[in-house]
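Just below is one structure, and these are the notes that go with it.
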Amino acid sequence: MIEDVRVDPEIFELRPDFAVLVMTAYGLRNGPADDRSRAWLEEASSHAVRQEKIDPWREAYRAFGAKPQRTRPSVDALTRRLPLPEINLVVDAYNSVSVKHVLPIGGEDLRHYQGAAHLMRAAGDEPSEEALGTPDAGEVIWRDDAGVTCRRWNWRQVVRTRITEETTDALFLLEGLEPLSLEELKEAGEELADLLIRITPDIRVETRLIVSGR
């Protein structure tokens with residue numbers, strides 16, 4: 001599955017500095033937030049918000065016609081919700097890493113995913129959940145074979161693929177723009193894998209880095 005994830009060339013034309021670390025975790029035993037995940041959230045919430053890492057995402061949104069003050073990049077929205085809210089163990093893990101490293105992270109339940117993840121610019125007629133509405137032509141979206149999974153790059157995810165306490169197999173998309181370095185992107189992935197292993201020691205984790213030109 002991980003090798004089938006696609007990023008269209010038009011995305012790199014829009015932002016040549018874009019990189020995404022794709023991670024899958026199989027055999028998760030998720031559950032409600034506990035003292036461990038509360039500590040992760042508290043520690044992440046104590047980090048100073050680095051505006052220089054959020055501004056490139058606002059610029060990327062403007063580049064495809066979105067207004068980042070109205071539909072904020074996910075990491076921008078998260079840093080405005082400090083202290084971070086409790087959701088469940090796995091979501092708390094990736095939200096804490098997202099805020100600590102100031103990068104968007106998407107989490108998807110692979111049982112409800114159809115086909116491979118695909119980052120592209122929308123035609124404007126892609127199937128989407130009613131609450132999210134149909135994407136605008138040219139908008140950056142993640143999608144699978146069934147339709148939109150996340151609108152406006154990383155603004156809002158559909159309900160269909162959200163990670164819940166029943167999720168056992170998951171896909172994570174760690175997205176970076178400069179000045180976030182590839183080294184820090186990989187470090188964030190290693191930290192997320194470590195937290196997931198603390199939740200479920202015997203999980204199988206796979207990663208793949210996608211950057212411009214390869």
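Values quoted throughout were computed directly from the atomic coordinates according to the rules given, and no laboratory measurement underlies them. Source: prediction; values computed, not measured. Counting neighbours? That spans all protein chains shown, and the Cβs are built from the backbone with ideal geometry, glycine included.
Quick check, is residue 61 among the hydroxyl-bearing types (Ser, Thr, Tyr), surrounded by 22 or more Cβ atoms within 10 Å (Cβ to Cβ) and in contact (Cβ under 8 Å) with a residue 24 or more places away in the chain?
Yes; evaluated as a whole, the condition is true for this residue.
Counting just the residues of segment 66-116 that are small (Gly, Ala, Ser) and touching an Asp or Glu at 6+ places or on another chain (Cβ under 6 Å), which one comes out farthest from residue 40 (Cα to Cα)?
115
If I filter segment 139-155 down to residues being of a type outside the set (A, V, I, L, M, F, W, C) and buried (at least 16 other Cβ atoms within 10 Å of the Cβ), which single residue comes out as nearest to residue 13 (Cα to Cα)?
139
Given the residues 24, 79, which is the only one that is of a type in the set (Ser, Thr, Tyr), touching a helix residue (DSSP H, G or I) at 6+ places or on another chain (Cβ under 8 Å) and farther than 19 Å from residue 184 by Cβ?
24
Restricting the search to segment 107-138, which residues are closer than 23 Å to residue 166 by Cβ and surrounded by fewer than 23 Cβ atoms within 10 Å (Cβ to Cβ)?
109, 110, 111, 112, 113, 114, 115, 116, 129, 131, 132
Are any residues in segment 29-45 more than 18 Å from residue 187 (Cβ to Cβ) and crowded, with 20+ Cβ neighbours inside 10 Å, and if so, which ones?
Once the filter is applied, which keeps residues that are more than 18 Å from residue 187 (Cβ to Cβ) and crowded, with 20+ Cβ neighbours inside 10 Å, segment 29-45 yields 30, 37, 41.
Of all residues in segment 8-22 being within 15 Å of residue 182 (Cβ to Cβ) and not small (Gly, Ala, Ser), which is surrounded by the fewest Cβ atoms within 10 Å (Cβ to Cβ)?
16
Working carefully through the options 149, 167, find the one that is out of contact with any Gly (no Cβ under 6 Å at 6 or more places or on another chain), within 21 Å of residue 61 (Cα to Cα) and of a type in the set (Ser, Thr, Tyr).
Going through 149, 167 in turn, just one is out of contact with any Gly (no Cβ under 6 Å at 6 or more places or on another chain), within 21 Å of residue 61 (Cα to Cα) and of a type in the set (Ser, Thr, Tyr): 149.
Grab the helices (runs of 4 or more DSSP H) fully contained in segment 1-73, keeping just those with 3 or more residues being of a type outside the set (A, V, I, L, M) and under 19 Å from the mean Cα position of the chain (by Cα).
Filter on segment 1-73 gives 35-45, 51-63.
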